[in-house]
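Participant: One structure, as structure tokens, below. Some questions next.
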Amino acid sequence: MERLSVGTKVRHPQYGEGVVERVEEYTYAIKFDSRGRVDVSRKFAGLEVLGDEEIEESGPYEVSEIERALIKVLRQWNDVGELAELGDKWSGGTMILQPADPDLKGKEIPIETFFHKIVMLRDRLRVLEQNVNSNKKLSDGEKVNLQQYITRIYGSLTTFNVLFKDKSDYFVGEKSS
């Protein structure tokens, strides 16, 4: 399937017609009339790209060239971190969340979507860490105190290291002495 861009009009076999609002590393965020915003795996082959004449309703789907250009600039200059790769054995996989109560419905999430959220969390923690360390209003003691919390958060996230392809991308918490 071709790579979709923001503003592309599509038809999904289950959700109907929609428009791509965001392009992520592993997913497309698509706004559907019938469902609202849904993250769809970029590997999903069931999306049909629609031409302007095929879409039933054009009102909420108009994305001007200026908006597309602005989105491109914002993505280029925002604080997005480095690219981390999902481990090969997880590629195309699904994460299943099953409640203990058998009467409740479970939830399936493409592992790429979950992994992307973990990477975004890591990148935002790094930005927070940089902001704390460069803050001129905080004393050195306050910076050390906040840094300890950030380090503990990294340590709490080491469970997710199994998802990363490269060890250099792992979360690292406090080292035991």
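Participant: Hey, could you check the range 1-50 for residues that are among the small types (G, A, S) and more than 19 Å from G93 (Cβ to Cβ) and say which is surrounded by the most Cβ atoms within 10 Å (Cβ to Cβ)? Lay out the reasoning, then the answer.
Facilitator: Taking the range 1-50 first, the residues among the small types (G, A, S) are 5, 7, 16, 18, 29, 34, 36, 41, 45-46.
Right, trim to more than 19 Å from G93 (Cβ to Cβ) and you get 5, 7, 16, 18, 29, 34, 36.
Working: S5: 13, G7: 16, G16: 13, G18: 28, A29: 15, S34: 11, G36: 10.
By that ranking, first place goes to G18.
Participant: Right, another one. Is it the case that G87 is modelled with pLDDT under 90, surrounded by 11 or more Cβ atoms within 10 Å (Cβ to Cβ), under 24 Å from V162 (Cα atoms) and in contact with a Lys or Arg (Cβ under 8 Å, 6 or more places away or on another chain)?
Facilitator: no
Participant: Moving on. Taking only pairs six or more apart or across chains, which ones have beta-carbon atoms under 7 Å, a first residue in the range 144-156 that is within 13 Å of N133 (Cβ to Cβ), and a second residue that is acidic (D, E) and loosely packed, with under 14 Cβ neighbours inside 10 Å?
Facilitator: If the second residue must be acidic (D, E) and loosely packed, with under 14 Cβ neighbours inside 10 Å, the pairs left are T151/E174.
Participant: Sticking with this one: Tell me, yes or no, whether the range 166-177 has at least one residue that is assigned to a helix (DSSP H, G or I), of a type in the set (S, T, N, Q) and without any contact (Cβ under 8 Å) to a residue 24 or more places away in the chain. Quick ask: steps written out before the conclusion?
Facilitator: Our first condition is that a residue be assigned to a helix (DSSP H, G or I); within the range 166-177, this holds for 167-169.
So of that shortlist, the ones also of a type in the set (S, T, N, Q) come out as 168.
Right, trim to without any contact (Cβ under 8 Å) to a residue 24 or more places away in the chain and you get 168.
Yes, the range 166-177 contains a residue that is assigned to a helix (DSSP H, G or I), of a type in the set (S, T, N, Q) and without any contact (Cβ under 8 Å) to a residue 24 or more places away in the chain.
The values are calculated or read from the model by the stated rules, or taken from the named source; none is laboratory data. The shown structure was predicted, so the numbers you read here are calculated from the model rather than taken from an experiment. Cβ: placed from backbone, ideal geometry, glycine included. Neighbour counts: every protein chain shown.
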